[in-house]
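One structure below.
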């Protein structure tokens, strides 16, 4: 697993020169095209000049019931923001300091009963983010407090996450900053933010825009146009779309906008400011260049915009003048905003602007949030991996979580996510536990882990009174594997034996019986070998039925006997190629016990950052999927790239009375930190998917 949170000049160069610039032509031809001789498209309307005589950005705020009541909101230097009708006449002024950039998100869910259009503005007088609601012709401040950015901001774009419709702001800065913040309503109904992550580029940024596919496009003035993922729980996956001198930009790129006209008409528009023109790229074809045009004032002899700056597009029809949507263009040295018909742009370049794409349906995945997150692992990179849960029988709040750091050892966390103990005993990959193991005549909680340092089975006793793990391995217990990965334990209902399964990187899986010695130590006796066709890792055993469940990462969830005398016969519960809701790798798996042989299995579908739920009994059908998303009020981010997880139906104390799923978070953001574990209440999962609770 990789996680990228910073882009350096070296990365930019490596990406730019050999592999990108889709549709770019040779240096000489590009230079020839980067001239002010592009087709001129007159604006249909232009607004009155701002009262300050300056403007650099504008947005369109629609009226859902009457398109004619739409408002153009433009910056007006120290005059804040000014609102105009679609006829270009000024109708209102809003005090907002000196606004450098702004954007709008429509239909934002703010709490249970409020939906509003949110306008976000950068006030450069103190480098604040300011948030507004529309109120009549003007705007009313909605922020809970001044929201300092800590850098010189140049542009802003808003993004609504498709899973939970949470609102995110990307703010780009003069020092190459790309700051992602989540916007949420506090208990008083005011808007507040939390930083999610920071991405850094080596030179000034001007504007950004987010498309319907969750891609952020950012203009790095003298470097080019970048594309990366808006979802903070995904890889950044940065790609350079175009660059000055190497492609279709003469010297500097400024404003950006996206047009969604349906299939075949998904455009990215970019201001080639020095050349005085606007370029169009095909987002569906990796940014292939489609053509360029200039914008002029209305009328046949209207003056051309010399340096097109920040852009804004609304792809929906807006009256007879804008049947395919409208492009707002500001001149770097101008005092008004030009409204350009996208139909006219299409005609000029022989392109079809299409029809505004219908809003996408929400995915068939429910969203829940974590109630607790653990202290991050000390190790950097891909470190945290797999948890096991011990439920205290009389004081649930004192329950414990055993969790691995596959670069360093084992953690013991409490139910608040605080570290109780850390053992630097080796590269522990997966762990599990079973209660009631007879050691020296006393029932104990036995914990095992796959130790990749010495390729052994690590064995511990959990001292539940002292809240400590105590090594009880009878010396090193070798696995005979090149690299032991996944691990799960089994308590046999038929013979009372306790077993451990470990799989490795060579497709093999092995089973051992754990045997106590007279001196209070435990050894592992090899009893069975199993072989799969490809890599396996996550596994769990249903002790009541003696059934082993194994995730073969790219293939299937398998069911087979856990009895050491059984053969290798297995049945697929579900296959990666048979269920579009799951995507490889299949990683961690846990079981929720409802009693009487009933319950659920939860599987980490790592490829799409979701968790698939299956019935434990009967035909074990797939019941649905959930994702764990950010809770900005608690300051806990979502979960992504999950390797290991565990599920229990036992009471774990306040907030977890009906059990929990505890899962490794591969990208720990809000803010960016080392990997950790998230605690998700089963009650929240059950309510979201209509499942039962114990």
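Side notes on the structure shown:
- Take every pair of alpha-carbon atoms less than 8 Å apart whose residues are at least six positions apart; their mean separation over the length of region 22-349 yields a relative contact order of 19 percent.
- Label-point separation, residue 634 to residue 78 (7 Å along Cα→Cβ), nm: 4.7 nm
- Spin-label model, residue 465/residue 418: points 7 Å from Cα along the beta carbon direction are separated by 2.2 nm.
- Between region 419-459 and region 510-529, the C-alpha centres lie 13 angstrom from each other.
- Within the chain, helix-based [θ] at 222 nm, where runs of 4 or more DSSP H residues each add -39,500 (n - 2.57), nearest 500: -1500 deg cm²/dmol
- Simple label model, 7 Å out from Cα along Cβ direction - residue 515 to residue 527, nm: 1.1 nm
- Bridge type composition, region 22-349 - antiparallel percent by DSSP, nearest 5: 95 percent
- For region 22-349, the ratio of Cα radius of gyration to the globular rule of thumb 2.2 N^0.38 Å stands at 0.92.
- Placing R0 at 30 angstrom, the Cβ-Cβ distance between residue 288 and residue 333 gives a FRET efficiency of 0.45 after rounding to 0.05.
- Share of Cα-Cα pairs in region 155-259 lying beyond 19 Å, as whole percent: 42 percent
- Full-extension gain in nm, residue 617 to residue 507, via 0.36 nm per residue minus C-alpha separation: 36.8 nm
- Calculated FRET value between residue 213 and residue 566, using beta carbons and R₀ = 60 Å, to 0.05: 0.80
- Nearest-0.05 FRET efficiency for residue 64 and residue 87, computed from C-beta distance (R0 25 Å): 0.80
- The mean sequence separation of alpha-carbon pairs under 8 Å and at least six residues apart, normalised by the residue count of the chain, gives a relative contact order of 10 percent.
- For region 73-208, the relative contact order is 17 percent, taking Cα pairs closer than 8 Å that sit 6 or more residues apart in sequence and dividing their mean separation by the residue count.
- D_trans [Stokes-Einstein, Kirkwood Rh over alpha-carbon pairs] for the chain, 25 °C, 0.890 mPa s, µm² s⁻¹: 89 µm²/s
Bear in mind these aren't lab numbers, they're just calculated from the coordinates by the rules spelled out. Remember, predicted model here, so these are calculated numbers, not experimental data. Methodologically, a virtual Cβ is constructed for each residue, glycine included, from the backbone with ideal geometry; neighbour enumeration extends over all protein chains shown.
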